Amino acid sequence: AGEERRGEAILRATLAGLERTVGVEHFSVPGVALPLADVLRRRGEAVEGGQLARRSLATRRAQLPEGHPQIAAAESVLGAALSALGRYAEADSLLRRSVEVMERRFGEGDTDTRLARGRLQEHIARQR
């Protein structure tokens, strides 16, 4: 827990500095905001994590083509946050699409694919 708290503090400081320097809609911002969103979600702060993930997804969708794996990664983090909030229908489509994109692009053994699949599995287990 202590390491995760330190990691969160570093991510928050990095995100704040990045947003001040390049702006909130810069392409690089989701690269910091999404890991922070996932940390928050895992710690039970799914509302704040979901807000960061939703903003990151919007940035990536505005700048990348449909089906891009960076969009899929943002969908996965947002889907996990929504699932944690009990918004299962919205979460399900995001999580399933993210796994499909990751598997198609990188294969089943890829780290990002495994992370996305793990979030989907958590979502499915939460509904039982």
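The alpha carbons of the range 13-123 give a radius of gyration and a Dmax of 13.1, 38 Å, in that order. Our estimate of slack between GLU48 and GLU3, defined as 0.36 nm per intervening residue step minus the Cα-Cα distance, is 14.2 nm.
For GLU45, the solvent-accessible surface computed with a 1.4 Å probe is close to 60 Å², ligands and nucleic acids excluded. Spatially, the range 90-111 and the range 18-71 are offset by 17 Å when compared through their Cα centroids.
Heavy-atom accessible area, probed at 1.4 angstrom with all protein chains present, ranks THR14, THR59 as THR14, THR59, highest first. Available extension along the chain between THR14 and ARG61 is 14.7 nm, counting 0.36 nm per residue and deducting the alpha carbon span.
The residues of the chain expose on average 53 square angstrom of accessible surface per residue, using a 1.4 Å probe on protein heavy atoms. Phi-derived couplings, Karplus 6.51 cos²θ - 1.76 cosθ + 1.60 at θ = phi - 60°, listed residue by residue for the range 36-44: 5, 4, 5, 4, 4, 4, 5, 8, x Hz, with x used for Gly and Pro. Annotation: extensible slack from ARG105 through GLU122 equals 3.9 nm (criterion: 0.36 nm per residue apart, minus Cα-Cα distance).
Springs between Cα atoms under 10 Å define the GNM used for the chain, and in it the highest mean-square fluctuation of ARG54, ARG41, ARG104 occurs at ARG104.
Summing charges over all other residues whose Cβ lies under 15 Å from the Cβ of GLU100, with Lys and Arg as +1 and Asp and Glu as -1, gives 0.
Could you tell me what % of all Cα pairs in the range 85-128 have separations over 14 Å?
Numbers: 417 of 946 pairs.
Tail of P(r) above 14 Å: 44 percent of Cα pairs.
The 3J(HN,Hα) values that the Karplus relation (6.51, -1.76, 1.60; θ = phi - 60°) gives for the range 99-114 are, in residue order, 5, 4, 5, 5, 5, 5, 7, 10, x, 5, x, 5, 4, 5, 5, 5 Hz. Gly and Pro appear as x. Computed from point charges on the beta carbon alone (+1 for Lys and Arg, -1 for Asp and Glu), the dipole magnitude for the chain about its Cα centre is near 180 Debye. Here the accessible area of the chain is 52 percent carbon and sulfur, with a 1.4 angstrom probe and all protein chains present.
Computed from phi, the 3J(HN,Hα) profile of the range 116-123 under the Karplus parametrisation 6.51, -1.76, 1.60 (θ = phi - 60°) reads 5, 5, x, 5, 5, 5, 4, 4 Hz, with x in place of Gly and Pro. With the simple spin-label model, which puts each label point 7 Å out from Cα in the Cβ direction, the VAL24 to HIS68 separation comes to 2.0 nm.
The values are calculated or read from the model by the stated rules, or taken from the named source; none is laboratory data. The shown structure was predicted, so the numbers you read here are calculated from the model rather than taken from an experiment. Here Cβ is always computed from backbone atoms with ideal geometry, including for glycine, and neighbour counts include all displayed protein chains. The area values use the complete protein model at the heavy-atom level, side chains included, leaving out ligands, DNA and RNA. Shrake-Rupley method; radii C 1.70, N 1.55, O 1.52, S 1.80 Å.
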